[in-house]
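Below is one structure, written out as structure tokens; the observations come after it.
The values are calculated or read from the model by the stated rules, or taken from the named source; none is laboratory data. Treat the numbers as computed from the prediction; the structure is a model and nothing was measured. Backbone-built Cβ (ideal geometry, glycine too); neighbour counts: all protein chains shown. Accessible surface is based on the protein model in full, side chains and every heavy atom, while ligands, DNA and RNA are left aside. Shrake-Rupley method; radii C 1.70, N 1.55, O 1.52, S 1.80 Å.
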Amino acid sequence: MKDKTYILGIETSCDETAASIIEVDKKTGFLKVLSNIISSQIEIHKKYGGVVPEVAAREHVLNILPVLNETFKKAKIKPENLSAIGVTSGPGLITSLISGFETAKTLSLIWKKPIIGINHIEGHIYANFIEIKEKIEFPSVILTVSGGHTILLKMSKNGSIKILGETRDDAAGEAYDKAAKMLGIGYPGGPIISKLANDYKKTLNISKKTKEILLPRPMLNSPDSDFSFSGLKTALLYELKKDKNWKKRIPAYCFAYQEAIIDILIAKTIKTAKVHKAKSIMLSGGVSANTELRSRLEKAVFDNFSKVKFFVPKISYTTDNAAMIAAATWFKLMRKKCPSKRLIKTNPSAALK
Ligand code: KG4
Ligand code: ZN
């Protein structure tokens, strides 16, 4: 048995055309990313203030083969060396999903390699397993925060995931994006708000901070593990309506808004981890690119637990990418969860199983 094997991952669920090849060390379980190519459509969708599905699908069709070519070139791996092809099968925009999915099916037929459908959220979770030397101990409580999801999950062992709570309305990333639209500062909102908030924070001293704009923290103290962000967005809108000079105070609003989101995410994660006696806490999804969230959750874990370990993917594996899909594929392959080709299909509203 060879010690190394290779997995190709393909991700086209929204507006990123992505492919990646990871190398798996079968002895140690170490997952090394050999190539992680992402063709982003942000510049195209910016002018519409959000993703236009029809435009996204057309771009995927144009980009998928050049992205795959670059992925193999960078990884210096031949198709015959692959042990499987993993592709996002849902949730996502159906017209976007199909372009990656049909490409993966075609390649699997030509190259005679197994194809494995991966749930996008599962992909985000498995981004935490990439290039880590430490073993993740279970049960793990996982906060997944993206443009479409805000979920708290429990992983009892590899492959066994249960949803503990989720947002009842907007996702955290959506809350960032909608606020940025309201403030007229561009798309996607997360990185823009985050930058303005961080710059503003540097200008603050502690005493002044408390006197700044106060926004609510919906469901902060609710006994469940659910979230709600639409009221926060409305509260911001009312604050802006009251303030004739809001355009001069945009960074202050970004700071107050981000603080509210992060306070809620951290409080709920820590509480849920205590209830479920977590041995580890993971953070994942596009919003986990947020440096303030990463560092504050890490500190909260350290302050609240003596033995619980905190995991967060490298920034490059937080927003949509295919390395996370390849990682999830490897774990699914190990669990021998490879349905026959006929049974694999896309599902735009796929639930986690
Ligand atoms: O996981 P992702 O790339 O796509 C989905 O699966 O939705 O997440 C995209 C979301 C967007 O809402 C974006 O605004 C947010 O992640 N995001 C951020 C940051 N970078 C991306 N949110 C907060 N801070 C960031 N630095
Ligand atoms: Zn995503």
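Quick one: Karplus J couplings for the range 120-136, per residue in order, coefficients 6.51, -1.76, 1.60, θ = phi - 60°, nearest Hz, x for Gly and Pro?
4, 5, 4, x, 4, 4, 6, 4, 5, 9, 7, 6, 10, 8, 6, 8, 8
Of all the accessible heavy-atom surface of the chain, with the other protein chains kept in place and a 1.4 Å probe, what percent is carbon and sulfur?
56 percent
Ile116's amide H: which non-local residues (gap 5+, or another chain) put their own amide H closer than 5 Å, with H modeled 1.01 Å from N in plane and none for Pro or chain starts?
Under 5 Å from the amide H of Ile116 lie the amide H atoms of Ile85, Gly86, Val87, each far enough along the sequence or on another chain.
Could you give the accessible area per residue of the range 5-121, probe 1.4 Å, as a whole number in Å²?
Per residue, the range 5-121 has 42 Å² of solvent-accessible surface.
Arranged from highest to lowest average of other beta-carbon atoms within 10 Å per residue, in what order do the peptides 72-83, 283-294, 21-32 appear?
Numbers: 72-83: 15.0, 283-294: 23.7, 21-32: 16.9.
Sorting 72-83, 283-294, 21-32 by mean packing, highest first, produces 283-294, 21-32, 72-83.
Give me P(r) over the range 148-296, computed from all C-alpha to C-alpha distances, binned every 10 Å, as integer percentages.
11, 41, 33, 13, 3, 0
Given contacts defined as C-alpha pairs under 8 Å and at least six residues apart, what's the relative contact order of the chain, whole-number percent?
Relative contact order here is 25 percent.
Using only alpha carbon pairs under 8 Å that are at least six residues apart, calculate the relative contact order of the range 1-153 and give it in whole percent.
Computed value for the range 1-153: 25 percent relative contact order.
Using a cut-off of 13 Å between beta-carbons, work out the net charge of the residues near Leu283 (Lys and Arg +1, Asp and Glu -1, Leu283 not included).
Neighbour charge sum, excluding Leu283 itself: +4.
Among 179-192, 86-99, 230-243, how do they line up from the highest to the lowest mean number of other beta-carbon atoms within 10 Å?
86-99, 179-192, 230-243
Explain nothing, just the number: relative contact order of the range 240-330, from Cα pairs under 8 Å at least 6 residues apart, as a whole percent.
28 percent
Taking the alpha carbon gyration tensor of the range 98-182, what are the square roots of 5 times its eigenvalues, largest first, to the nearest whole Å?
Calculated on Cα positions only, the semi-axes equal 28, 22, 12 Å.
Three principal axis extents, largest first, for the C-alpha atoms of the range 1-89, in Å?
Rounded to whole Å, the extents work out to 51, 21, 20 Å.
Starting from 0 in steps of 10 Å, tell me what percent of the Cα-Cα pairs of the chain lands in each bin.
6, 25, 32, 24, 11, 3, 0
Alpha carbon centre of the range 69-98 versus the range 163-203: separation in Å?
Here the answer is 30 Å between Cα centres.
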